[in-house]
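The values are calculated or read from the model by the stated rules, or taken from the named source; none is laboratory data. Remember, predicted model here, so these are calculated numbers, not experimental data. Virtual Cβ from ideal backbone geometry, glycine too; neighbours counted across all protein chains shown.
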Amino acid sequence: MSSVLLAFSDTGGGHRAAATALRDALRSIAPATSLQAVDPYALSHRWPFDRLAGAYPRVVNGASWLWRGGFRLTDTVACTATLQTLAWPALRRTFRDLAAGAQPDVVVSTHPLLTAPLRRVFPDVPLVVVVTDLASGHASWYHRGAALLSVPTDIARARAIACGVPASRIEVHGVPVSPHFAAQPGDRAQLEERLGWSRVRPTLLLMGGGDGVGPLEQIAVALDAAGLSCDLAVVAGRNVALAERLRARAWRGTVHVYGFVQGLETMFRAASMVITKAGPGTISEAFAAGAPLVLTGAIPGQETGNVRFVVDAGAGVWAPSVAEVVSRARAWTEGPLAEAARGQAAAAALQLGKPQAARDIAVRVLALAERHRVLPTGGSADVRRRGNRAALPAVAPARSSRFAT
Ligand code: UDP
């Protein structure tokens with residue numbers, strides 16, 4: 001029985017969602033696998049690492065200029081390596097404790113800032129890095145110490161190579177999403193009924209990542225006031241204050257308000273479009289579900305490239321102001337051409353969908369784990385050396401620092 005350590009971080013919702021999709025895929029392929037999923041930064045007692053998850057939405061929402069500057073300043077391999085060396089004394093205890101309590105055959109990271117410390121405390125264990133940014137991910141993702149770097153797109157692959165990762169260790173799989181997001185033609189009416197949504201009017205799904213960031217309230221109010229012939233579902237995620245404000249409002253039309261929803265697949269498959277910031281998890285789920293996207297904003301740096309990726313493929317539109325969101329929603333819901341235009345974007349989204357990504361990555365993870373398990377400790381370095389030359393063989397929210405495995 002192999003043992004897998006999955007490390008994620010609750011900065012936003014995408015890293016945990018990717019880890020969860022991988023956990024589920026690992027479980028379904030190899031139920032006997034021993035799985036441990038952990039958010040090391042949440043276990044840390046050292047500032048600022050113990051505050052990352054709470055600070056992230058405040059910074060990207062309220063001080064995006066600061067995030068943009070920090071991203072640009074640090075977005076090189078050399079700078080990343082220096083910062084990680086400087087951070088190590090503050091992280092050492094947390095990661096050593098983690099290593100003392102685990103004997104994995106493979107370590108999987110779904111967050112860029114986890115890779116270097118994991119590499120330090122598990123030097124002989126193969127490390128799989130699952131990159132979740134589609135196009136403009138930070139240099140810290142592309143770690144040369146990874147036995148396998150799973151990237152979502154060819155653009156990310158090129159960036160990884162530019163950062164010095166050997167091409168033989170990079171594989172393009174997609175962002176791991178739950179397979180339940182995959183579109184199943186003809187099931188919309190049933191899903192709408194299950195959700196209590198209208199069977200007559202289209203419902204637009206509005207969200208802002210796991211933390212409910214961005215001008216969701218202004219957009220919801222404007223869409224409602226526009227009197228479009230559609231309903232609205234707003235997912236506030238972990239933004240409890242926003243959910244409360246939205247619930248307290250008197251709406252002109254039908255507006256369904258949700259807090260953090262565990263598993264959004266039913267809504268994605270039932271919605272006529274997804275209106276969202278350019279988060280890679282949400283985008284990948286919308287692709288899998290064949291839902292057209294209205295992108296309302298992007299976290300500077302890591303999400304900037306996602307906008308072009310979506311728009312160039314025809315899977316969505318860019319609407320960076322409230323007025324543009326309303327105008328795009330109108331164009332896709334009203335008039336004789338609306339349904340056809342929406343259908344075209346939905347087809348383009350489906351083309352990009354990779355609902356099998358989690359399964360594909362899980363197969364690779366298990367292959368690495370199995371190799372490490374059968375070759376005792378001394379053999380793992382050998383595995384890493386060979387991994388450099390050849391690709392692996394194919395074989396058949398409340399926050400918490402760990403999740404059920
Ligand atoms: N999400 C969720 N429930 C919610 C809101 C969001 O499960 O109520 C998930 C969503 O399905 C996606 C992730 O959170 O998988 C958001 O990831 P994304 O990369 O889009 O943005 P982030 O929150 O990481 O900035």
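Take the residues in region 8-59 that are of a type in the set (D, E, K, R) and surrounded by 24 or more Cβ atoms within 10 Å (Cβ to Cβ), then tell me which one is farthest from Trp141 (Cα to Cα).
Within region 8-59, the match that is farthest from Trp141 (Cα to Cα) is Arg23.
Between a residue in region 218-238 that is at positive phi and any residue that is crowded, with 19+ Cβ neighbours inside 10 Å and assigned to a strand (DSSP E or B), which pairs come within a Cβ distance under 7 Å, given they are 6 or more apart or on different chains?
From region 218-238, the pairs are Gly237/Met207.
Output the number of residues of region 292-309 satisfying the condition of being within 12 Å of the ligand (Cβ to nearest atom) and aliphatic (A, V, I, L, M).
Within region 292-309, residues that are within 12 Å of the ligand (Cβ to nearest atom) and aliphatic (A, V, I, L, M) number 4.
Any residue at all in region 113-121 that's out of contact with any Lys or Arg (no Cβ under 9 Å at 6 or more places or on another chain), closer than 23 Å to Val374 by Cα and either at pLDDT below 95 or among the charged types (D, E, K, R) (or both)?
The answer is yes, given that some residue of region 113-121 is out of contact with any Lys or Arg (no Cβ under 9 Å at 6 or more places or on another chain), closer than 23 Å to Val374 by Cα and either at pLDDT below 95 or among the charged types (D, E, K, R) (or both).
Under 8 Å by Cβ, and 6 or more places apart or on different chains, what pairs join a residue from region 277-306 that is closer than 18 Å to Arg159 by Cβ with one that is part of a strand (DSSP E or B) and within 8 Å of the ligand (Cβ to nearest atom)?
Going by the 8 Å Cβ cut-off, the qualifying pairs are Ile283/Thr276; Ala298/Lys277; Ile299/Lys277; Glu303/Lys277.
Give just the number: which of (1) surrounded by 19 or more Cβ atoms within 10 Å (Cβ to Cβ); (2) in contact with a Phe, Trp or Tyr (Cβ under 6 Å, 6 or more places away or on another chain) does Ala346 not satisfy?
(2)
Quick one: would you say Leu134 is farther than 18 Å from Ala7 by Cα and not in a helix (DSSP H, G or I)?
Taking the combined requirement at face value, the residue satisfies it.
Hey, which of the strands (runs of 3 or more DSSP E) in region 137-213, taking only ones fully inside, have at least 1 residues that are under 26 Å from Pro112 (Cα atoms) and touching a Gly at 6+ places or on another chain (Cβ under 9 Å)?
In region 137-213, the matching strands (runs of 3 or more DSSP E) lie at 148-151, 203-207.
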